[in-house]
Amino acid sequence: MTERTFVSLFSVWFIAWGIYYPSKTLTKISIHPLINYTGKISYGIYIYHFLAASALLKGLNAFGLTPNRFELWVVCLNFLATFAVAALSYEYNEKPILKLKDKYFGEMAKQPKKEELAA
């Protein structure tokens, strides 16, 4: 539990540092396309990380492999699987819903339609 608390506090400190002391390097990092895409799929990463890890370990066990879940190659494979599942979820689940949200509740939806203006 100590490492989770430390990571949380470090993350809050890092974000606050970036807000109060912005730098060109930090700005370059934060506008990188991969970082932006990771931000878009971050909810999926949060939701699917445990599912991806469990499925990965069960799949490895099905092939007769019983690795420690903290081995570097398992951690890397777990990261890639989680990222892939979150990206697929974003593309096929979240994006269509976001388009509907923009269509029915965005700025275009708030503007009066031509039929309403003519009446």
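Computed on the chain, with alpha-carbon pairs under 8 angstrom and 6+ residues apart, the relative contact order is 23 percent. What pairs from K58/K101; K58/K103; K28/K101 go past 32 Å between their alpha carbons? Beyond 32 Å between Cα atoms: K58/K101; K58/K103.
Calculated FRET efficiency, F63 to T38, Cβ-Cβ distance, R0 = 41 Å: about 0.90 to the nearest 0.05. Projected label points at T25 and L98, each 7 Å from Cα along the beta carbon direction, are separated by 3.0 nanometres. Once the convex hull of all Cα atoms in the stretch 1-54 is built, its volume per residue stands at 101 Å³. The angle separating the long axis of helix 72-89 from the principal Cα axis of greatest extent in the chain is about 20 degrees.
Counting only protein heavy atoms and a 1.4 Å probe, tell me what percentage of the chain's accessible area is made up of carbon and sulfur. Exposed carbon and sulfur together represent 70 percent of the surface.
Compared with the rule-of-thumb size 2.2 N^0.38 Å for a compact globular protein, the chain has a Cα radius of gyration ratio of 1.55.
Helix 42-62 axis versus longest C-alpha principal axis of the chain: approximately 40°, rounded to the nearest ten. Residues considered: Y43, Y92, Y20. Largest GNM mean-square fluctuation over the chain, using C-alpha springs under 10 Å, is found at Y20. When the trypsin sites (Lys or Arg not before Pro) in the stretch 58-104 are filtered for DSSP coil states and for at most 14 other beta-carbon atoms within 10 Å of their beta-carbon, the remaining sites are R69. Solvent-accessible surface of the chain, averaged per residue with a 1.4 angstrom probe and all protein chains in place: 87 square angstrom.
Here the stretch 43-111 has an Rg and Dmax of 17.5, 60 Å, counting Cα atoms alone.
The values are calculated or read from the model by the stated rules, or taken from the named source; none is laboratory data. Worth saying up front: this structure is predicted, and the values here are computed from it rather than measured. Cβ atoms come from the backbone with ideal geometry, glycine included; neighbour counts cover every protein chain shown. Calculation scope for accessible area: heavy atoms of the full protein, side chains included, ligands and nucleic acids excluded. Shrake-Rupley method; radii C 1.70, N 1.55, O 1.52, S 1.80 Å.
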